[in-house]
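Worksheet for the structure shown next.
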Amino acid sequence: MIHRAQSANGIVPEQPAVLPPENAAAPTGGPASAPLRELACYAITSYPSDLAVQALALASKLSDDQLPALLRLLRAVDDWVVAEATEAEEATWQQVLAHLPGLRSALEVLLARVRGLEPASTVG
């Protein structure tokens, strides 16, 4: 079977149809399972599209019983990455403050404003 798709310049290239193997199970067409929906929602809202696609491709190869474990793993890795980045940012900030001790108060006010927080020294 040949599918014809017209390109922007009007040329219609011949392309072979992509058909599933004869022994492949037919798709059910039903709704996704609850574990797959939960994992899909997490991946789509947490990752850039290319990583979400990779996570969902992996998830599609797993059984519904395995999906919660994958979701727990993804969440644990994300939590670890955030903790590591937070620690690194705090260490860098402390190094900046150590180099500019006379500006510590002003820098802390600036940091609080950048983060959208009220600095402790101005709360009264």
Rounded to the nearest 20 Debye, what is the dipole magnitude of the range 31-119 about its Cα centre when Lys and Arg each give +1 and Asp and Glu each give -1 at the C-beta?
-> 140
Once Lys and Arg get +1 and Asp and Glu get -1 on their Cβ, which of Ala83, Leu56, Trp93 lies farthest toward the positive end of the dipole of the range 31-119?
-> Leu56
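Each value in this text was obtained by applying a stated rule to the coordinates, not by laboratory testing. Since the model is a prediction, treat every value here as computed from it, not as a measurement. As a convention, Cβ positions derive from the backbone with ideal geometry for all residues, glycine included, and neighbour counts pool all protein chains shown.
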